[in-house]
Each structure stands twice: as C-alpha cells, then as structure tokens.
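Q: What follows is a single structure, and I will ask about it in a moment.
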Amino acid sequence: MSLKLSVVGTGYLGATHAACMASLGFEVIGVDVDHAKIEMLAQGKVPFYEPDLEDLLAEQIKSGRLKFSKDFKDIADCDVHFICVGTPQVKDGIAADLTYVNSALETIAPLVKAGSLVVGKSTVPVGTAARLRDRLIAVNPKADLAWNPEFLREGFAVEDTLRPNRLVVGTTNDQAEATLKEVYAKNLADGIPWIRADLPTSELVKVAANSFLATKISFINAMAEICEAAGGDVTVLAKAIGYDPRIGSKFLQAGIGFGGGCLPKDIRAFMARAEELGAQQALEFLKEIDSINLRARQRIIELVRKDLSDDLKGKKIAILGAAFKPDSDDVRDSPALDIAAQIQAAGALVTVHDPKAIANAQKRFPALNFADNVEKTLQDAELVLHLTEWKIYRELDPAKMKSLVKNAIMIDGRNALDRTAWRNAGWKFRALGRADEMAK
Ligand code: UGA
C-alpha cells in the first residue's frame, strides 16, 4: 500500500511539497497553524505567487489525494510527516528563530503513530535535528526523525521539487532511508543523485549551498566595484570567467545583490551558529559577503544622487520591480524595496511597479506610491530605476517609454536591459559595474 504523507507548514516550501507529492500518487494532508492559509489552499488557491503551483494544487485537490486541515490530529494515521515551517531571522540578532520548528515538533510528537517517520525539510542551524530527534523519541519512542533539506528556488518551486538536482537524506537508520527511498522512488528511477549523510552533515549541506551561492553573487559584485574603479565592465568579465567550467556562468549576475527569505538570513544564522560552536573564524568571510551585498544597495543610491545633483527632495523617481527576484511576489528582504524606501526617505517622490508583488510591498511599505502599470509609473519621472529583472521590463519599448518621462535616465540595477536599444532611443543609461555607464 502506498505511503500516506503529511506536510506541516504550508508556505512556499510546504504547499509546493504537498502538491508535488500528491502528483506522484501519494495521499497527502497539509496542516498549518495559519487557518486563513489552510482555507485558501483547501479551495485550490495558492496564497502567494508561484508559477505552475496553482494549477497543480487544484488538480491534486480534485483528484482527492491532496487535503488540507486545520486540525493537526488529522495527520495521525500518516506514515511520513514533513516539517516545512519557516526559520526566519530573530528580531534582535542574526540567529535563526526556531520557534516554529520547535512548536511543530512539540505538536506532532504525541500525535504520530508508532513506526512513523518525521522528516525535517526546514533550513535549521546544525544540531537542531539531533535535538528534535531526541525530543521526538522521548515523547514517542517508536517514531524516528530524519533530515531532508530542500533546495527549491522560488519561481521554480514545482520544477525543483519534482526534478531536484540531488536528494540529501540525513539518517543513520536503514529503515528511515528505505522509507524515504519509497517517497522519492520516481526521482531515484530518474537517476537523481541520492546522498545519505548523518544528521549534522545533512543540515550543513543546505547552509553551505546557500552560503556558496551568496558568496558567488557577492564575489561578482565586488568585481563590479573594482570595474567601476578601474574602468572595466563586469558583465564582460562575468561572461569571460564563466566559461571556465570550474567557475560556471550561473549566479554571476552583478547588480543590487541578493535578498529574499533565504540567502540573507541563512548566512547570518550560519555565522551565529559557528560562533556558538567556537568556529566563528571559519565563517568570518560571510560577514564580508553580507557587507558587499548591502553595499550594492548604497552604490546604486549613490548613482541616483549623482544623476540628480545630489538632491533627491521632491524628485519624481520611477522604480521597476519590488519583488526580491522575478517570477515571485516575495518581498522579504527585497533589495528593490529597500532601495525604494531609502530613496523615498531622502525626500524623493517614488512610484513603484511590480507585476506580482505590489500587494505584499504595500503591506510592508504603505508610505510608498504604487502604480499598476509601467506607463503610469514612468509618467513625468525624472529618473527610472530597474531593480527586479521581470521579462516584461526587458520587452519595454525604450522610444515609447521616453515619451512618458521628464528626464530619460535609466539606471539598470540588474544589468539585464539591452543598453544599446535604450541608448539608441536617447536614454542616458547607467548600470553598476560598467565604468562607461557610471554617472560622470
Ligand atoms: C535560494 C537558493 O537558490 C535555493 O537553492 C534554496 O533552496 C532557497 O534559497 C532556500 O533556502 O529555500 P531563492 O531564495 O528562491 O533560492 O532565490 P535565488 O534564486 O537563490 O536568488 C536569491 C537572490 O539572489 C535574489 O535576490 C536574486 O535576485 C539574487 N541574485 C541571484 C543575484 O543578485 N545575482 C545572481 O547572479 C543570482
């Protein structure tokens, strides 16, 4: 008989995991303490924007395999329980807030049946899994806990869940591994690499991967600073080094840097945990990665200041993009919104556009102005900032856009627009890391 699965926590990770597991043929039940979220999901509606997820979710609910419940007791007869709750940054420091993970475990530990497996997917500081496993076994001696970190990217969540590039399973128990091999049988048949590790290594794989990605982005942004100082072009440099397969061309897009609910808080939580372990020196470099990243936001504000004679008061500035990256409505630690808020705080009149993230952005920064189309956003603007590289912005007609603005100055914070086309249409075009485009 096929395994019955539960998913605890139905945010970006949990809702996607639940729908994808149901699409593989498993019976799945999703639970969450957020009842509004559960009500939406139960009706086949996704409370956030994630391409392909809503169709998959609706289809799986219709099939009868996928259910959502407000009552945690409904998970009792499941064989495997995936913990998919968030681990945000604590309010008063850089460590991870484990409130949700701890309370998920406390809630389900007495409910799960003998022989069932609890599987952590949340990103946690190393050592958490062993602590949670001890606690689970103390309450429920016949259950076990394994760790199975998730590597999905927002915007590609369904694709990454159904076709991951590797599966990492932290357990020393052969039976637990066999159960997870049953869950991921299709991936295994497709030849996806399977890595069994101990609990601490499996937790570390995730934060190491995110730290590496953050490092790659900050590396190229550091090169952007050098290019600006030395008269180079970081986009050409990135292309050239990327051809070396040991380096690779991905994650070398210079610009305003990384944001979102993962990379920034994960590198900070990793540093906090290393300090607790007495190994802080090993991760000192991540402090610099964080600083380079935050500096990129200041560097673009400097460009704006130079172009507006250092006086932002009353200047009308149009901002294209609010989400932390395209194909997402997530504005957590969004570089675009941070820059918008800082420019507004300096006295400018900022109008922000985003195809999907306006509602979330408005909740976070109600004082900013938002427009629901690009034309309204650019109307009479004295400067335009391109801060999230949505496809629709790359498809804009620069000549048409020029007819809307007061000053045709475009600053491309993502090095993603076709500068020749914008220049040919009469725009003054600027971008980070490209010396010939710095404000003179
Ligand atoms: C990241 C990881 O890529 C996933 O593998 C991981 O599972 C996830 O965190 C997580 O921990 O849950 P995500 O936060 O969705 O995924 O976003 P990324 O695609 O990694 O982008 C992060 C940020 O870096 C974005 O703000 C993006 O604009 C920026 N970025 C990315 C750059 O500035 N330059 C690049 O070259 C690439």
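Q: Hey, among Gly257, Gly191, Gly248, which residue is surrounded by 15 or more Cβ atoms within 10 Å (Cβ to Cβ) and part of a loop (DSSP other than H, G, I, E, B)? Give the derivation first.
A: Working: Gly191 fails: surrounded by 15 or more Cβ atoms within 10 Å (Cβ to Cβ); Gly248 fails: surrounded by 15 or more Cβ atoms within 10 Å (Cβ to Cβ).
Every option except Gly257 fails the conditions.
Q: Here's a follow-up. Hey, can you tell me all the residues within the range 89-102 that are in contact (Cβ under 8 Å) with a residue 60 or more places away in the chain and more than 16 Å from Pro149 (Cβ to Cβ)?
A: Keep residues of the range 89-102 that are in contact (Cβ under 8 Å) with a residue 60 or more places away in the chain, which gives 89, 93-96, 100.
Listed by number, the residues that qualify are Gln89, Gly93, Ile94, Ala95, Tyr100.
Q: Under 6 Å between Cβ atoms, which residue pairs at least 6 apart in sequence (or on different chains) link something in the range 237-262 that is within 23 Å of Glu302 (Cβ to Cβ) with a partner that is assigned to a loop (DSSP other than H, G, I, E, B) and within 6 Å of the ligand (Cβ to nearest atom)?
A: Listed by first residue and then by second, the contacts come to Ala238/Leu252; Gly259/Phe324.
Q: Separate question: Check Glu275 against each of (1) of a type outside the set (A, V, I, L, M, F, W, C); (2) part of a helix (DSSP H, G or I); (3) within 16 Å of the ligand (Cβ to nearest atom) and name the one condition it does not meet.
A: All conditions pass for Glu275, except number (3).
Q: So which of Thr388, Thr351 ends up being part of a loop (DSSP other than H, G, I, E, B), touching a helix residue (DSSP H, G or I) at 6+ places or on another chain (Cβ under 8 Å), modelled with pLDDT of 95 or more and of a type in the set (Val, Ile, Thr)? Outline the logic, then answer.
A: Working: Thr351 fails: part of a loop (DSSP other than H, G, I, E, B).
Answer to the check: Thr388.
Q: List the number of the failed condition for Pro164; all other conditions in (1) surrounded by 15 or more Cβ atoms within 10 Å (Cβ to Cβ); (2) in the same structural domain as Gly115 (by TED's automatic domain parsing); (3) part of a helix (DSSP H, G or I) hold.
A: Among (1) surrounded by 15 or more Cβ atoms within 10 Å (Cβ to Cβ); (2) in the same structural domain as Gly115 (by TED's automatic domain parsing); (3) part of a helix (DSSP H, G or I), the lone unmet condition for Pro164 is (3).
Q: While we're looking at this one, here's another question. In this structure, does Asn360 turn out to be touching a residue at least 12 places away in the same chain (Cβ under 8 Å), in the same structural domain as Lys306 (by TED's automatic domain parsing), away from the ligand (no atom under 16 Å from the Cβ) and touching an Asp or Glu at 6+ places or on another chain (Cβ under 7 Å)? Before you say what the answer is, go through the steps one by one.
A: Numbers: touching a residue at least 12 places away in the same chain (Cβ under 8 Å): yes; in the same structural domain as Lys306 (by TED's automatic domain parsing): yes; away from the ligand (no atom under 16 Å from the Cβ): no; touching an Asp or Glu at 6+ places or on another chain (Cβ under 7 Å): yes.
Here the answer is no, as Asn360 does not meet what is asked.
Q: Name the single residue that is nearest to Gly413 (Cα to Cα) among those in the range 241-272 being among the charged types (D, E, K, R) and away from the ligand (no atom under 11 Å from the Cβ). Can you show your working first?
A: To start, the set of residues in the range 241-272 that are among the charged types (D, E, K, R) comprises 244, 246, 250, 265-266, 268.
In the following step, the residues that additionally are away from the ligand (no atom under 11 Å from the Cβ) were identified as 244, 246, 268.
Values: Asp244: 26, Arg246: 27, Arg268: 24 Å.
Residue satisfying both the conditions and the ranking: Arg268.
Q: Check the range 167-179 and report whether any residue there is in contact (Cβ under 8 Å) with a residue 24 or more places away in the chain and within 20 Å of the chain's Cα centre (by Cα). First the steps, then the outcome.
A: Start the filter on the range 167-179 by keeping residues that are in contact (Cβ under 8 Å) with a residue 24 or more places away in the chain, which leaves 167-173, 175-177, 179.
Next cut, within 20 Å of the chain's Cα centre (by Cα) only: 167-168.
Taking every residue of the range 167-179 in turn, at least one turns out to be in contact (Cβ under 8 Å) with a residue 24 or more places away in the chain and within 20 Å of the chain's Cα centre (by Cα).
Q: When residues of the range 196-215 are filtered for being of a type in the set (A, V, I, L, M) and touching a Leu at 6+ places or on another chain (Cβ under 7 Å), how many remain?
A: Result for the range 196-215: 2.
Q: Let me ask something additional. Hey, among Glu225, Glu182, which residue is within 16 Å of the ligand (Cβ to nearest atom) and either more than 23 Å from the chain's Cα centre (by Cα) or part of a loop (DSSP other than H, G, I, E, B) (or both)?
A: Working: Glu182 fails: within 16 Å of the ligand (Cβ to nearest atom).
Being within 16 Å of the ligand (Cβ to nearest atom) and either more than 23 Å from the chain's Cα centre (by Cα) or part of a loop (DSSP other than H, G, I, E, B) (or both) holds for just one of Glu225, Glu182, which is Glu225.
The values are calculated or read from the model by the stated rules, or taken from the named source; none is laboratory data. Since we're looking at a predicted model, the values are computed, not measured. Note that each Cβ is placed from the backbone with ideal geometry, even for glycine, and that neighbours are counted across all protein chains shown.
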